[in-house]
Structure formats: structure tokens, C-alpha cells
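The values are calculated or read from the model by the stated rules, or taken from the named source; none is laboratory data. As the structure is a computational prediction, the values presented were derived from the model and not from experiment. Don't worry about glycine lacking a Cβ; one is built from the backbone with ideal geometry, like all the others, and counts go over all protein chains shown.
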Amino acid sequence: MRKKILIADDTILMREMLKNALDPEKYQIVGEAVTGQEAVDFYKEKKPDLLILDINMPKMNGIDALTEVMKIDPKANVIMCSDQKYENMIVMALKKGAKDFVVKPFTASDVILAVKKIFGDED
């Protein structure tokens, strides 16, 4: 059975890169959020196996969205995405429950490696 993934990033290019990196035979993209608030709302509705969450987002940043998701599901699997200048926020996200992070600009293999760390190597 394919794992359900929710992607939350305010730029369409990043959402497309994330979708393209993930094998559709293994992973089902169950939603795409553009704001932190949408990420939280979609998480409640879709109950994904994994949330890939950008730190810098409108209406609610990724750290606040992560905090809300962890209240909903303390065992949530969340991978944070950010560029290097938000390194201190990545550390904060890990302390708040994120399982891993990928730094922008990332490659498909960066994303796949982080996802496999969450789910275990299923190849």
C-alpha cells in the first residue's frame, strides 16, 4: 500500500519538485498546501503518513504549523524544508518534533533519502 504524503510549500515550483522526486508507485500525494494554516487543516482532513513542510510560509509559518500538527498527532512524521539561512529554525523544528529536514536547493535524491529514513528502506 502506498504511503500518503502531504506537501506544504508556498511556491508551486517547490511543490512540483517534491512531487516529481517521489515515486508514484510508492507514494500518493494526498494534498498540496500553500499556507501553514492549509497544511494544518489538510493534515486533520487527510491524515497523511508524512508531511513535507516548508518553514517560510504565509499566514502561519512552518514552525507554528508543525506545533499545531504535533498537537493533533504527536507521532506525526514531518520533514521540514528550508534554505540555509533558516538553519536556527530547522534546529527549532527538530526540537518541536520534526523527524528530518532537507535544505533548499535540494535534489530528488535528498528528498528520497529523507523519506526513506522516515519509512525505512523499502526497496
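For segment 1-22, the set of residues classified as touching a residue at least 40 places away in the same chain (Cβ under 8 Å) and within 11 Å of the chain's Cα centre (by Cα) consists of ILE5, LEU6, ILE7, ALA8, ASP9, LEU18, listed by residue number. Restricting attention to segment 23-35, the residues that are part of a loop (DSSP other than H, G, I, E, B) and either at pLDDT 95 or above or touching a Pro at 6+ places or on another chain (Cβ under 9 Å) (or both) total 2. Checking each residue in segment 36-59 for being out of contact with any Phe, Trp or Tyr (no Cβ under 7 Å at 6 or more places or on another chain), of a type in the set (A, V, I, L, M, F, W, C) and modelled with pLDDT under 95 picks out only MET57. Between GLU25, GLU45, GLU32, the distinction of being touching a Lys or Arg at 6+ places or on another chain (Cβ under 8 Å), free of Cβ contacts under 8 Å to residues at least 24 places away in the same chain and farther than 16 Å from ASP110 by Cα belongs to GLU25 only. Considering segment 41-87, the residues that are of a type in the set (Ser, Thr, Tyr) and closer than 15 Å to PHE101 by Cβ include one that is surrounded by the most Cβ atoms within 10 Å (Cβ to Cβ), namely TYR86. Taking the listed residues LYS75, LYS71, the one that is assigned to a helix (DSSP H, G or I), at pLDDT 90 or above, basic (Lys, Arg) and on the phi < 0 side of the Ramachandran plot is LYS71, with no other qualifying.
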